[in-house]
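The values are calculated or read from the model by the stated rules, or taken from the named source; none is laboratory data. Given the structure is predicted, the values throughout are model-derived calculations rather than measurements. Note: ideal-geometry Cβ built from the backbone for every residue, glycine included; neighbour counts use all protein chains shown.
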Amino acid sequence: MWQYRVVSNSGKKVLIVGGGASGTFTAIALTRAGIEPVNIVIAEPRELLGEGLAYQTRDELHRLNVPTGRLSAIEDLPDDFMEWSSAPSYSFMERRTYSTYLRGHLSGEIRHLREFVTELKPEANEKVLATYSSGLQESFDAVVLSMGLGEARIPEFLKGVPDSPRIIKDVWDGKPLPEGRTLLCFGTGLTFIDIALTHLARDPRNMVIAISGSGNLPERHERSQIAPFTPTLSDVDTLEKLRSYLAGAGESWREAVDGLRPIMEAMWRTFTPEEREEFLRTDGSNWFRRRHRIAPEVGDRVDAEIRAGRIVVKSGKVSKVLVGEEEIALTLEDGSTLAGEYLALCIGRDYELSDPLTLNLVATEETSRGPLRMGLHVDVSTGLLLKPNGDSHTNIFALGPLRSGEAFESTAIPEIRKQAFAIARSLTSVENQG
Ligand SMILES: Cc1cc2nc3c(=O)[nH]c(=O)nc-3n(C[C@H](O)[C@H](O)[C@H](O)COP(=O)(O)OP(=O)(O)OC[C@H]3O[C@@H](n4cnc5c(N)ncnc54)[C@H](O)[C@@H]3O)c2cc1C
């Protein structure tokens, strides 16, 4: 069992809302900063902490898309995941291993409450009152929000189409994919790659037909480590400069994209609201393909399946869907038709959350939506939740995808770890100075 470095015996009682990767990182960071594990509660309805959306998979074909050497759970022990996994620094491990690793760092004294938090109310005594889905209430000195992303996105062409077992709206709902020979996938990004590999591995006769506007697949990591460029903020502090920085990199676009990582949040904050909106609308899809790359081995496997004719990728716009008894068919604007037994939506999730807690926090004006309605209104320099008028809460924090509107790239593990450890430092800094 991991030995915790107790810096102070803080009596602070902290609630973490959501026990996916962000919530689990927060618990690990809080414990290392000196908050006693018995004073930490993680509200998470799922059985296993650390899984959330991304790390619940049991499929060995689903790989991490960040190299092992960058995935330590502990900020001051950067080699920790490498040592735990005995894998080389530049390798891409199975994603299913990651929550096991994270849970190994959680003290057994932390209370895992299998409840949704439905309401949070700041109280006069500087505490926050939490209401759970069971109706029970409990008071905390601080709360950390880590509810992740919103619902799976639904494309326009499916709006108004009645639910059908032929349409898999949320591929990460924990249910196995239905059995069928030909699977249609709407979307050709990272989720598509996972779903396609799972479907194809089940039966050599299976095939996948994927459709998206561009028909572009995610880019892949190089086979050996690259050295990122080291741009400064003034190189990219407008959208025009960012575009010219990326275009100037030519073949070295990976080095250029990875080099932005340390200054991404600052860059995003210098952009005007119009620049942010334009970037997402016109450059977004290319950016995500290049920023979140698949492991080289996964790329090889996808290439082989395409060569074998088991993955067919189309570009185009869907104009109509026809749901039959045994088949589902998509008609494209060029008049062609794609048919299969099932349609899986692989276009990611909304950045705008619609869960009861978020709706309640917004309705009671404890906070508002983040820029572009992505995540929540958060002060990224402190991690504290902001009210609609810009006033800061003193004891409610938010991290991970909830910061996407303010920080943009806030979903990958290296960013989440950094945020969790900063929150823990901030929550314990008064005690530690004594
Ligand atoms: C399929 C996939 C693969 C990814 N692969 C990688 C990768 O290889 N490398 C990488 O760096 N990043 C990867 N990411 C990105 C990143 O790691 C995830 O976005 C990350 O898991 C975010 O974690 P989270 O805890 O914030 O959100 P989630 O994983 O969504 O977890 C949120 C949790 O909060 C709970 N919850 C929600 N509302 C409440 C409430 N009101 N009360 C109590 N609980 C609540 C939910 O049940 C859920 O378990 C991937 C993301 C996805 C979706």
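Could you look through segment 108-125, keep only residues that are over 16 Å from VAL144 (Cβ atoms), away from the ligand (no atom under 15 Å from the Cβ) and of a type outside the set (A, V, I, L, M, F, W, C), and pick out the one that is surrounded by the most Cβ atoms within 10 Å (Cβ to Cβ)?
Among residues in segment 108-125 that are over 16 Å from VAL144 (Cβ atoms), away from the ligand (no atom under 15 Å from the Cβ) and of a type outside the set (A, V, I, L, M, F, W, C), the one surrounded by the most Cβ atoms within 10 Å (Cβ to Cβ) is GLU109.
Is it the case that PHE421 is modelled with pLDDT of 95 or more, buried (at least 17 other Cβ atoms within 10 Å of the Cβ), within 16 Å of the ligand (Cβ to nearest atom) and assigned to a strand (DSSP E or B)? Step through it out loud before you land on a result.
On the way: modelled with pLDDT of 95 or more: yes; buried (at least 17 other Cβ atoms within 10 Å of the Cβ): yes; within 16 Å of the ligand (Cβ to nearest atom): yes; assigned to a strand (DSSP E or B): no.
Judged against the criteria, PHE421 is not a match.
Which of the residues spanning segment 385-434 are farther than 18 Å from LEU120 by Cβ and of a type in the set (A, V, I, L, M)?
ALA407, ALA412, ILE413, ILE416, ALA420, ALA422, ALA424, VAL430
Yes or no: ARG181 assigned by TED's automatic domain parsing to the domain that holds ASP203 and either within 11 Å of the ligand (Cβ to nearest atom) or modelled with pLDDT of 95 or more (or both)? Even if it seems obvious, please write down each step before you answer.
Values: assigned by TED's automatic domain parsing to the domain that holds ASP203: yes; either within 11 Å of the ligand (Cβ to nearest atom) or modelled with pLDDT of 95 or more (or both): yes.
So ARG181 fits the description; yes.
Would you call ILE168 surrounded by fewer than 20 Cβ atoms within 10 Å (Cβ to Cβ) and under 25 Å from the mean Cα position of the chain (by Cα)? First the steps, then the outcome.
Details: surrounded by fewer than 20 Cβ atoms within 10 Å (Cβ to Cβ): no; under 25 Å from the mean Cα position of the chain (by Cα): yes.
When the stated conditions are applied, ILE168 does not pass them.
Please go through segment 314-329 and give me each residue that is under 29 Å from the mean Cα position of the chain (by Cα) and in a strand (DSSP E or B), ordered by number.
Step one: filter segment 314-329 for residues under 29 Å from the mean Cα position of the chain (by Cα), giving 314-318.
Scanning segment 314-329 gives LYS314, SER315, VAL318.
Could you tell me whether segment 353-360 includes any residue that is surrounded by fewer than 17 Cβ atoms within 10 Å (Cβ to Cβ), aliphatic (A, V, I, L, M) and without any contact (Cβ under 8 Å) to a residue 60 or more places away in the chain?
yes
Mind checking which residues of segment 18-31 are of a type outside the set (Gly, Ala, Ser) and crowded, with 24+ Cβ neighbours inside 10 Å?
THR24, PHE25, THR26, ILE28, LEU30
Okay, residues lined up against (1) touching a strand residue (DSSP E or B) at 6+ places or on another chain (Cβ under 7 Å); (2) more than 16 Å from the ligand (Cβ to nearest atom); (3) at pLDDT 95 or above:
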{"position": "ARG5", "(1), (2), (3)": "no, yes, no"}
{"position": "GLY11", "(1), (2), (3)": "no, yes, no"}
{"position": "ASN39", "(1), (2), (3)": "yes, yes, yes"}
{"position": "GLU47", "(1), (2), (3)": "no, no, yes"}
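Is at least one residue of segment 195-203 more than 18 Å from VAL298 (Cβ to Cβ) and either over 25 Å from the mean Cα position of the chain (by Cα) or without any contact (Cβ under 8 Å) to a residue 40 or more places away in the chain (or both)? Spell out the reasoning first.
Pass one, segment 195-203, residues more than 18 Å from VAL298 (Cβ to Cβ): 203.
Then keep just the ones that are either over 25 Å from the mean Cα position of the chain (by Cα) or without any contact (Cβ under 8 Å) to a residue 40 or more places away in the chain (or both); that gives 203.
Looking through segment 195-203, at least one residue is more than 18 Å from VAL298 (Cβ to Cβ) and either over 25 Å from the mean Cα position of the chain (by Cα) or without any contact (Cβ under 8 Å) to a residue 40 or more places away in the chain (or both).
Please verify whether ARG95 is within 13 Å of the ligand (Cβ to nearest atom), surrounded by fewer than 18 Cβ atoms within 10 Å (Cβ to Cβ) and not assigned by TED's automatic domain parsing to the domain that holds LEU322, treating the condition exactly as stated.
no
Out of the strands (runs of 3 or more DSSP E) lying entirely within segment 125-231, which hold 1 or more residues that are farther than 24 Å from ALA295 by Cα? Before you say what the answer is, go through the steps one by one.
Working: elements: 128-132, 137-140, 142-145, 182-186, 207-212.
In segment 125-231, 128-132, 137-140, 142-145, 182-186 are the strands (runs of 3 or more DSSP E) which contain 1 or more residues that are farther than 24 Å from ALA295 by Cα.
Collect the residues in segment 57-84 that are within 13 Å of GLY174 (Cα to Cα) and either outside the structural domain of ARG95 (by TED's automatic domain parsing) or crowded, with 17+ Cβ neighbours inside 10 Å (or both), keeping them in residue-number order.
If the condition is that a residue be within 13 Å of GLY174 (Cα to Cα) and either outside the structural domain of ARG95 (by TED's automatic domain parsing) or crowded, with 17+ Cβ neighbours inside 10 Å (or both), then THR57 is the only one that fits.
Considering only segment 257-307, state which residues are small (Gly, Ala, Ser), within 16 Å of the ligand (Cβ to nearest atom) and either outside any helix (DSSP H, G or I) or loosely packed, with under 14 Cβ neighbours inside 10 Å (or both). I'd like the intermediate steps shown before the answer.
Of the residues in segment 257-307, the ones small (Gly, Ala, Ser) are 259, 266, 284-285, 295, 299, 304.
Add one more test, that the residue is within 16 Å of the ligand (Cβ to nearest atom), and what stays is 295, 299.
Matches in segment 257-307: ALA295 only.
With (1) surrounded by 14 or more Cβ atoms within 10 Å (Cβ to Cβ); (2) closer than 22 Å to SER285 by Cα as the list, and GLU156 as the residue in question, which single condition is left unmet?
Condition (1) is where GLU156 drops out.
Is there a residue being at pLDDT below 95, under 30 Å from ILE168 (Cβ atoms) and within 12 Å of the ligand (Cβ to nearest atom) anywhere in segment 375-385?
Scanning segment 375-385 turns up no residue that is at pLDDT below 95, under 30 Å from ILE168 (Cβ atoms) and within 12 Å of the ligand (Cβ to nearest atom).
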